[in-house]
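Input: a single structure, listed below in structure tokens.
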Amino acid sequence: MSEKPVLWLPRKVSDATVARARRDYEVILNEADTPASADEIVAMSARVDAMMPNHSEVFSTDVVARLDPRLRILANHSVGVDHCDLKALGARGIMVTNTPDVLSDATAEIAMLLMLGAARRAVEGDRLVRSGAWNFWSPSFMVGKQLTGARLGIIGMGRVGQSFARKARGFDMQVHYFNRTRLAVEDEAGAIYHDTIESVLAISDFLSLHCPSTPETRHLMNDHSLSLLPDGAVLVNTARGALVDEGALIRALESGKLMAAGLDCFEVEPGGNAEFAAHESIFMSPHIGSATTRTRDAMGFRALDNLDAFFRGDTPKDALT
Ligand code: DGY
């Protein structure tokens, strides 16, 4: 019998991650790479000591109550853990870890892409040229919104927010932020702190969301909060779909309150919101903020580092329970 702990990889992770996992664990792969249902997760918990879930595997209160006692650790292959009922997992004595730091730059890059694409009307421009329908040019044609010198509000100045702020400074944007706690002056790097969300909304020509999804932040951006933005603002969301009331977002775009939005996250995933397709002012990507080769390897290795520490008897670096 193998002495290696048994590890389930419910989705296809990078080849380098699988190779390293196989070296140290008895690995069960999901070759089909399909999302696991609650029943599949529960059934698998009786066969493994550890799982490496993603945000696509949901550990709700109900699922956690049904997990087999054999399962000892969820080493998430994600920084977000809104798919895990941490309180219930902690109460069952199951260790939960995540992968902070390693995906901050990749996610901030997608936020920059979405901000530029939304501001400079990338969907409309690409469609025009690609379709062969581009038959006109004038100084008044496809005029967008310039980043240089504009005020960027960031809600959630953790690692991703700070990485995004660094990139935005490269575009000479004035960075403002709201965070539960003010950063040290050296970490602010000139960013202006606001002690309320309302205050940062009021000056955000561009607004980018980088806070976690919790019951408190659900629909943070709603009819009221969107109304506080300057007219013609641009909203960027690379955090979680639940932060934005998508009906309110459409209303704000249709009224002209918002000029555009750049979205990597949606209330329903996969799939997104079919109503968004009619709005070329929404520039979208399918939840791929951390999807680069380098970052996927780093996420897998960070999750494996946490597993290794746990099975050595140490507290994993990214322990959450
Ligand atoms: C994360 O790590 O939380 C990303 O959204 C991908 O799951």
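How about region 106-128: which of its residues are assigned to a helix (DSSP H, G or I), of a type outside the set (G, A, S) and in contact (Cβ under 8 Å) with a residue 24 or more places away in the chain?
Hits for region 106-128 are T107, E109, I110, M112, L113, L114, M115, L116, V123, E124, R127.
Results for (1) within 22 Å of V236 (Cβ to Cβ); (2) small (G, A, S); (3) not assigned by TED's automatic domain parsing to the domain that holds K167, shown as yes or no for each residue.
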{"residue": "L89", "(1), (2), (3)": "no, no, yes"}
{"residue": "G93", "(1), (2), (3)": "no, yes, yes"}
{"residue": "N98", "(1), (2), (3)": "no, no, yes"}
{"residue": "A108", "(1), (2), (3)": "yes, yes, no"}
{"residue": "A111", "(1), (2), (3)": "yes, yes, no"}
{"residue": "M115", "(1), (2), (3)": "yes, no, no"}
{"residue": "R120", "(1), (2), (3)": "yes, no, no"}
{"residue": "V123", "(1), (2), (3)": "yes, no, no"}
{"residue": "L128", "(1), (2), (3)": "no, no, no"}
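Residue count for region 86-128 satisfying the condition of being away from the ligand (no atom under 16 Å from the Cβ), crowded, with 20+ Cβ neighbours inside 10 Å and within 18 Å of P53 (Cα to Cα): 3.
The set of residues from region 305-321 being assigned by TED's automatic domain parsing to the domain that holds P53 and within 16 Å of the ligand (Cβ to nearest atom) comprises D305, N306.
For the condition surrounded by fewer than 23 Cβ atoms within 10 Å (Cβ to Cβ), modelled with pLDDT of 95 or more and of a type in the set (V, I, T), V160 does not qualify.
Of all residues in region 233-261, those that are more than 22 Å from E216 (Cα to Cα) have Cβ atoms under 9 Å from Cβ atoms of residues that are open to solvent by 10 Å² or more (accessible area, probe 1.4 Å) and within 16 Å of the ligand (Cβ to nearest atom), 6 or more apart or on another chain, in A261/M284.
Here the condition is being in contact with a Phe, Trp or Tyr (Cβ under 8 Å, 6 or more places away or on another chain), among the β-branched types (V, I, T) and not assigned by TED's automatic domain parsing to the domain that holds R240; of V64, V42, V18, V48, it holds for V48 alone.
Among residues of region 65-81 being open to solvent by less than 70 Å² (accessible area, probe 1.4 Å) and farther than 30 Å from S104 by Cβ, the one that is nearest to the ligand (Cβ to nearest atom) is L67. The condition (being outside any loop (DSSP other than H, G, I, E, B) and surrounded by fewer than 23 Cβ atoms within 10 Å (Cβ to Cβ)) is satisfied by just one residue among L253, L249: L253. For region 266-304, what are the residues that are in contact (Cβ under 8 Å) with a residue 40 or more places away in the chain, within 15 Å of the ligand (Cβ to nearest atom), closer than 30 Å to L253 by Cβ and open to solvent by less than 40 Å² (accessible area, probe 1.4 Å)? Correct list: S285, G289, S290.
Looking for whichever is surrounded by fewer than 16 Cβ atoms within 10 Å (Cβ to Cβ), within 16 Å of the ligand (Cβ to nearest atom) and free of Cβ contacts under 8 Å to residues at least 24 places away in the same chain here; the options are D39, D33. Which one fits?
Selected residue: D33, the only one of D39, D33 that is surrounded by fewer than 16 Cβ atoms within 10 Å (Cβ to Cβ), within 16 Å of the ligand (Cβ to nearest atom) and free of Cβ contacts under 8 Å to residues at least 24 places away in the same chain.
For K12, the stated conditions hold: it is basic (K, R), within 16 Å of the ligand (Cβ to nearest atom) and either open to solvent by 10 Å² or more (accessible area, probe 1.4 Å) or at positive phi (or both).
The values are calculated or read from the model by the stated rules, or taken from the named source; none is laboratory data. Bear in mind that the values here come from a model prediction, so they are computed numbers and not experimental data. Please note: Cβ atoms are built from the backbone with ideal geometry, for glycine as well, and neighbour counts cover all protein chains shown. The accessibility values were calculated without ligands, DNA or RNA, using every heavy atom of the protein model including side chains. Shrake-Rupley method; radii C 1.70, N 1.55, O 1.52, S 1.80 Å.
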